[in-house]
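The values are calculated or read from the model by the stated rules, or taken from the named source; none is laboratory data. Here the structure is a predicted model, which means the values were calculated and not measured. Quick reminder, even Gly has a Cβ in these numbers, built from the backbone with ideal geometry, and neighbours come from all protein chains shown.
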Amino acid sequence: MSNSDMTRREFNAAAAAGAVALSTAGSAVAQVTERFDLVLRGGRVMDPETGFDQIANVGIKDGRIVAITTDPLEGGRQIDASGHVVAPGFIDTHFHWPRPMGNKLALLDGRTTVMDLEIGTHGPLVDSWYAARAGANQINYGCATAHEMARTYVLDGITTEDAPEMLNHRGTDKTGWSHTRPDLEQGNEILRLLDAGLAAGAAGIGSTLGYMRDGASAREVYEIQRVAARYGRPCGFHFRYTPGTDTTESNGIQEMLANAAAVGAPAIACHFNNPGYNLVHELLLGMRRQGMNVWGELYPYAAGSTALNAVFLEPEIWVDQLGYEYETTIQDALTGEWYTRESRAEMIAREPARLVLAYKMPESAIVDWLRMPDVAIASDGMPILDGSITWDTPFEDLPNTHPRGAGSCALTLRLGRENGIPLMQSLAQLSWNSARPLGLTGLQAMQERGRMQEGMVADITVFDPETVTDNATYAQGNLPSSGIPFVIVNGTVVVDGGEVLRDVNPGQPIRHEPRESLFEPLDVEAWMQAFYAVPQDFGGGIPTSQPAYDPRVIPCCQ
């Protein structure tokens, strides 16, 4: 039986089930006479949280899903969704191109929310980052407070706003951010800047630890996770040893997970689609069984992308430790040429942060990743630094970048179709698997997205399951996906008939409410009092206080 036949059978089954009373998504019999702003008629409505999967009509009013029913609905605009899946809008938590063109490509890939939770923005600029997008964004937007940018400011005196500018600072001769161990005063300032971003409402802390593996100590990483824990928010990490071997990759996530368990903080394993991914997946599942809110995301491509001068691309690591050869693994994103040791050194002298593609995994691994039901899909979409690019620039004229920014969601759906992966699982990876853990952190915007249910925000992606496909390639990384005719953001149609509408900006901020700072600077004497048994006058042999590590309770301390 062909995959196409299987898809038709699924639709037939869903149509038959539609005659039955709707289950947990709920019918809206009392509301069907209401006039809606928008109605999606006859689509296959799928909800990853409840497993709801039926042919139904969806009524939208005031930006929310008000009715999911087999009864007819009246609305100001009627969209025929027959033969299409009506799914929760796709959520991308790892997107480094929060600009009009980046948003446009993301929308055409079915995304209704893009967030940068691996890097983010400089802590004191969080409020202005959101303010700059208010009322002017086509897609929902959010960010973390950036560990790298805090270090860049404290150790190099450079302030950057978000990921595109971040690549520019990597092109300077400043290396304090990546190689310097801060002293106590500098360390406290780094932590204070991160705290400022959280107090302003950032969704978490983002850390590109793998780029500053020599400068950021284990203590520093532990302390930034403790800062996040005070707010109940996650740290998203590019692990210390990513990319690495199947051992070092796993060791990197174990550092994050051990800290998260000790301080009681959520954590995100960013792009763990590297050697050792199977163990990382098992670790995450095991920690969740212990009640921890930890999760991982991946992009469905065998190659990554980064700046040419990334520390892990140095010959001592990339070639000597990891066993790769530049000639077959490091490709210039713009020209398509493969590097050698010599040509890499020459380019670094001219353009240190030159964008490259790094091939590090077999193509066969991609389907294995997509078979793992509990992961999230996130693109790690890379920015284009050309300031002349506008919303109207033809896609074919864009400088090349990694295709994951334009095609990750459609590729997930295509590979799922071609390899028999349940469609509901793919939809969960694209929406619910990010919304659920972020909602558990208290982020209200994620408690009402990632679901096709009455009362939820109407972020909706409508796609043809038989034709949806990615068109972006390593040679042309910014070609939009196809087979996604309608994308609705906060109840407003933004992609209409496969075209992004101009000057339609319903995007909303994905952030916490600002609050008072919870910052507590590190103090050596206070730490000594808390963790060492300080000699005291026992006054008759009875101590006036107990040390934090009581040997009667912790035998290893005897």
Taking the condition of being more than 21 Å from D80 (Cα to Cα) and either modelled with pLDDT under 95 or assigned to a loop (DSSP other than H, G, I, E, B) (or both), how many residues in the stretch 429-455 meet it?
7
Quick test for you: out of P383, P362, P315, pick the one residue that is under 24 Å from the mean Cα position of the chain (by Cα) and over 30 Å from G204 (Cβ atoms).
P362
Residues of the stretch 320-340 satisfying the condition of being touching a residue at least 60 places away in the same chain (Cβ under 8 Å) and of a type in the set (A, V, I, L, M)
L322, A333, L334
Looking at the stretch 429-472 only, could you name the residues that are crowded, with 24+ Cβ neighbours inside 10 Å and among the hydroxyl-bearing types (S, T, Y)?
S431, S434, T461
Within the stretch 245-268, restricting attention to residues that are among the acidic types (D, E) and buried (at least 18 other Cβ atoms within 10 Å of the Cβ), which residue is modelled with the highest pLDDT?
E255
In the stretch 212-228, which residues are part of a helix (DSSP H, G or I) and surrounded by 23 or more Cβ atoms within 10 Å (Cβ to Cβ)?
I224, Q225, V227, A228
Of the residues in the stretch 398-438, those that are basic (K, R) and closer than 29 Å to G204 by Cβ come to R404, R436
Answer yes if at least one residue in the stretch 406-426 is part of a loop (DSSP other than H, G, I, E, B) and crowded, with 24+ Cβ neighbours inside 10 Å, and no otherwise.
no
Of the residues in the stretch 502-528 that are free of Cβ contacts under 8 Å to residues at least 12 places away in the same chain and either in a loop (DSSP other than H, G, I, E, B) or among the small types (G, A, S) (or both), the one that is nearest to V462 (Cα to Cα) is D503
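Results for (1) under 23 Å from W318 (Cβ atoms); (2) out of contact with any strand residue (DSSP E or B) (no Cβ under 7 Å at 6 or more places or on another chain); (3) among the aromatic types (F, W, Y), shown as yes or no for each residue.
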site	(1), (2), (3)
W338	yes, no, yes
S343	yes, yes, no
M347	yes, yes, no
Y359	yes, no, yes
I366	yes, yes, no
R371	no, yes, no
L385	no, yes, no
Scan the stretch 47-65 for residues that are in contact (Cβ under 8 Å) with a residue 60 or more places away in the chain, within 21 Å of W432 (Cα to Cα), surrounded by fewer than 24 Cβ atoms within 10 Å (Cβ to Cβ) and not hydroxyl-bearing (S, T, Y) and jot them down.
E49, G51, F52, D53, G63, R64
